[in-house]
Amino acid sequence: MRLAGRRWRTSVSAARLGGETYRVVRPARPIAHGVLHDCRFGPVMAVDKAATVDLAFAWWLAARSPRSLVYLPLRANPFTCQDNASDDGRKLDLVLLHHSLQFPVSRWKQVRARLSPAATHTVEMPAGAFRSFDRADHERTYHREFHDHLRWSVAADTLFLVGSRPAFELAGEQLRALAEDGPAEVVAWPDSYCCAEIGVGQGNGLHRHERNPPARLHIDRCHEHWPAPVRAPRKSTRAAAR
């Protein structure tokens, strides 16, 4: 499956608060099988095949929309995907936004409650939407002078990922691979883990940022809602010849 040329219908709303107007973009249809939990060792998201496309579009849009909050309302999803959640993990929504917006996450609960009626807008994924990076590019993220990290925080039952366009693009290749290559991997290896691990926060074992500590966002295939297709048994050559 290829993302280029695919379309994603969104609902665009606005909320005015404290003299500021915030533009909020969310999927026009609910993400049926995408569940995000705040687990003991970091946030974990369970997805089916369709949800990987929604997530890839949201990620791509957040990197290129510095004036918008990209909102994935996941808490209302009736599915739990218990194989991906710890017993004490609460459900979370997800918001992706460019750091230049300087949005105080403490305002989110009020913004969410004041959203205007939505207008529908369709975006199309262009070819080459996700940049490729080599090993040296990723190794630079561990240098102390590197600043394009994804910041993260949790407020109002929502996980916020905040960063520059390069910060989102560095992680975007994993989401592209999960959406485009994951289906073929599941067919070839039905028990495959099939996941993406997005580094968030700043620092490592030697240098930890106190206000933005390093963590991992685990995005895992839910085997219940993304099962491997059942292969029809092959007919034997002897039976075919009869």
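The values are calculated or read from the model by the stated rules, or taken from the named source; none is laboratory data. Since this is a predicted model, take the numbers as computed values, not measurements. As a convention, Cβ positions derive from the backbone with ideal geometry for all residues, glycine included, and neighbour counts pool all protein chains shown.
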Just one of (1) modelled with pLDDT under 95; (2) assigned to a strand (DSSP E or B); (3) among the aliphatic types (A, V, I, L, M) trips up residue 31, so point out which. (2)
Kindly indicate whether any position in region 20-27 is outside any strand (DSSP E or B) and either out of contact with any Asp or Glu (no Cβ under 8 Å at 6 or more places or on another chain) or surrounded by fewer than 17 Cβ atoms within 10 Å (Cβ to Cβ) (or both). no
Given (1) of a type outside the set (Gly, Ala, Ser); (2) closer than 24 Å to residue 152 by Cβ; (3) crowded, with 19+ Cβ neighbours inside 10 Å, index of the condition residue 3 fails: (2)
How many residues are more than 25 Å from residue 128 (Cα to Cα) and of a type in the set (Ser, Thr, Tyr) if we restrict to region 1-42? 3
Return the residue satisfying two criteria in turn: it lies in region 215-230 and is surrounded by fewer than 19 Cβ atoms within 10 Å (Cβ to Cβ) and over 14 Å from the mean Cα position of the chain (by Cα), and of such residues it is farthest from residue 177 (Cα to Cα). 230
Expected single match for without any contact (Cβ under 8 Å) to a residue 24 or more places away in the chain and farther than 29 Å from residue 102 by Cβ among 32, 50 is 50
Identify the residue in region 113-137 that is closer than 21 Å to residue 217 by Cβ and surrounded by 13 or more Cβ atoms within 10 Å (Cβ to Cβ) and, among all such residues, is modelled with the lowest pLDDT. 137
